[in-house]
Amino acid sequence: MSGGDMAKPLLGHRSMEGDPSVTPAAGRTVGVLGSGDFARSLAIRLVCSGFKVVVGSRNPKRKAGLFPSAAEVTFQAEAVKKTDVIFVAVFREHYSTLCDLADVLAGKILVDVSNNTEINHHKESNAEYLASLFPACTVVKGFNVISAWTLQSGARDGNKQVLICSNNQEAKRTVAEIAQVMGFTPVDMGCMSSACEIENIPLRLLPAWKIPIFLALGLFLCFFTYNLIRQVIHPYIREQKNKLYKIPIEVVNTTLPCVAYVMLSLVYLPGVLAACSQLYYGTKYRRFPDWLDQWLQHRKQIGLLSFFCAALHAVYSFCLPMRRSHRYQLIETAVKQALEKKMNIWVEEEVWRMEIYISVGIIALGLLSLLAITSLPSIANSLNWREFSFIQSTIGFIALVISTLHTLTYGWSRAFDENQYKFYLPPTYTLTLLVPCTVILAKVIFSLPCIQQRLLRIRRGWEKGRYVKFVLPSATGEYSSGETSSNV
């Protein structure tokens, strides 16, 4: 970052006047122990946010050029003496090198920003270990879930949370104030015992995506094998035709829409099952089974994977005419028609089928794109709950209906053609219709007034078999109270 960029803050200072529990932080002196990439990014962010930064290094002359000119780079002991809040940006194995500073560190707030290389690598967290080395200091765990890139660019790409924990409330409040001025959102995670969990968070590789990814891969393998049997193995056994060339493009392109379509229906199927459970038990307070609860929590990831497969299907379909095999087939068909002296090969039904099929598919992909975009935190945070629910629920269901029309148009009347049943196996698209049609049928049933009103009452707190109080207006305009069974 150039000197001109560092001269002006990337983010405006957030006012703290409305919060009586927080005192103004901008302008105070903050120390940083360490001279690595994270320490440099942290110093840049602090300087751009209006803080005075003192960097403590064992080789200040050699490291001074790595930090912004507004930051003071000096020896560690000198840096510690000039501030009460110090970011410890060194690895756990180097904590012992700071023991010589124990006397000057006494009474200071140490912010531990370190992470481990493995989950639960040590019995105690890094923050707890640091606190044991410096019992006269107050240790706060924080900023370890923020990357060096985020520190340099600022919290401009959505909501960036800083998880904080400590046994001292005042120290947590001070660090939270600094995080707010830097443009981040501090989240109080409780006492120091939470430090181990906070340190494990950056080490987890897509924890919310494992189940959806395995689900998508499982569906892909099943549909790919099914299509391979129908499109490659069947012609080879019955007609001795080698069609292995279809595997990289055609078989994959036939599989991707199946996965996308079924995954989209799996986004709305758990909501149907949850509604059935509430109607059956007559209450919203009964806990769902764990598998259904996990399913509901992974709907966003399942929907994004559905969009990913649909987008790949669009790209593959666009590339189909570019294949050499497709050109050979066109030439072969043209030669046959010339030999048979066929001058008009226009089939009105097929033309209309393909026009409708492609048009409906484009609309479905556009709606899926809208669902994917509004799933991004930066976009979702700009929507209120009603807007977000309307897009994800109503428009999402419309996307499912249009995708069903896309599939039905592709099938047209071929579902009743016996030549389409290879090895007596039905066409792939007929199998994909099972789950989506079930979801659509259930949604239609739930929209009936008698069922919709009952479900709405349950979600507002009504319970079957329970007596509730009611208030009715009398003829004189006064109100009389009584009790009735909720079954009535």
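The values are calculated or read from the model by the stated rules, or taken from the named source; none is laboratory data. What you see is a predicted model, and the numbers here were worked out from it, not measured in a lab. Using ideal geometry, Cβ is built from the backbone for each residue, glycine included, and neighbour counts are taken over all protein chains shown. Quick note on the areas: whole protein, heavy atoms, side chains included, nothing else; ligands and nucleic acids left out. Shrake-Rupley method; radii C 1.70, N 1.55, O 1.52, S 1.80 Å.
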Checklist entry - Considering only DSSP beta bridges whose two residues both sit in region 29-203, what percent are antiparallel, to the nearest 5? => result 5 percent
Checklist entry - Only one of the listed values, [x] 56; [y] 32; [z] 46, was derived from the coordinates as percent of Cα pairs over 35 Å apart; which label is it? => result [x]
Next on the checklist: Using protein chains only and a probe of 1.4 angstrom, how many square angstrom of GLU355 are accessible, to the nearest 10?
Outcome noted: 120 Å²
Checklist entry - Using alpha-carbon pairs under 8 Å, 6+ residues apart, how would you state the relative contact order of region 133-217 in percent? => result 31 percent
Checklist entry - If only Cα atoms are counted, what is the Rg of region 209-460, and what is its Dmax, in Å? => result 21.4, 74
Checklist entry - With every protein chain left in place, what is the accessible area per residue of the chain in square angstrom, probe 1.4 Å? => result 57 Å²
Checklist entry - How far is helix 324-339 tilted, in degrees, relative to the longest principal axis of the Cα atoms in the chain, given as a value from 0 to 90 rounded to the nearest 10? => result 20 degrees
Checklist outcome for this item: Everything considered on the Cα gyration tensor (a ≥ b ≥ c; rounded for a/c under 1.5, else prolate if a/b is larger than b/c, else oblate), region 29-203 must be described as rounded
Next on the checklist: If you take every DSSP beta bridge fully contained in the chain, what fraction is antiparallel? Give it as a percent rounded to 5.
Outcome noted: 25 percent
Item to check | the chain - mean residue ellipticity at 222 nm from DSSP helices (-39,500 (n - 2.57) per run, n ≥ 4, rounded to 500) | outcome: -15500 deg cm²/dmol
Item to check | Solvent accessible area, Å² - SER41, 1.4 Å probe, full protein context | outcome: 0 Å²
Item to check | Tilt relative to the chain, helix 252-281 - C-alpha long axis, 0 to 90 degrees, to 10 | outcome: 70 degrees
Checklist entry - Relative contact order of the chain: what whole-number percent is it, with Cα pairs under 8 angstrom and at least 6 residues apart? => result 11 percent
Checklist outcome for this item: Cβ-Cβ cut-off under 10 Å around GLU72, Lys and Arg +1, Asp and Glu -1: the net charge is +1
Checklist entry - When the Cα centres of region 332-409 and region 184-232 are compared, how far apart do they sit, in Å? => result 28 Å
Item to check | Prolate/oblate/rounded label for region 129-256 (Cα gyration tensor, a/c 1.5) | outcome: prolate
Item to check | Length-normalised contact order for region 209-460 - Cα pairs under 8 Å, 6+ apart - percent | outcome: 26 percent
Checklist outcome for this item: Relative to the chain, whose Cα atoms define the longest principal axis, helix 299-319 and its Cα axis are tilted in degrees, nearest 10, by 60 degrees
Item to check | Percent accessible area from carbon and sulfur atoms, region 209-460, protein chains only, probe 1.4 Å | outcome: 67 percent
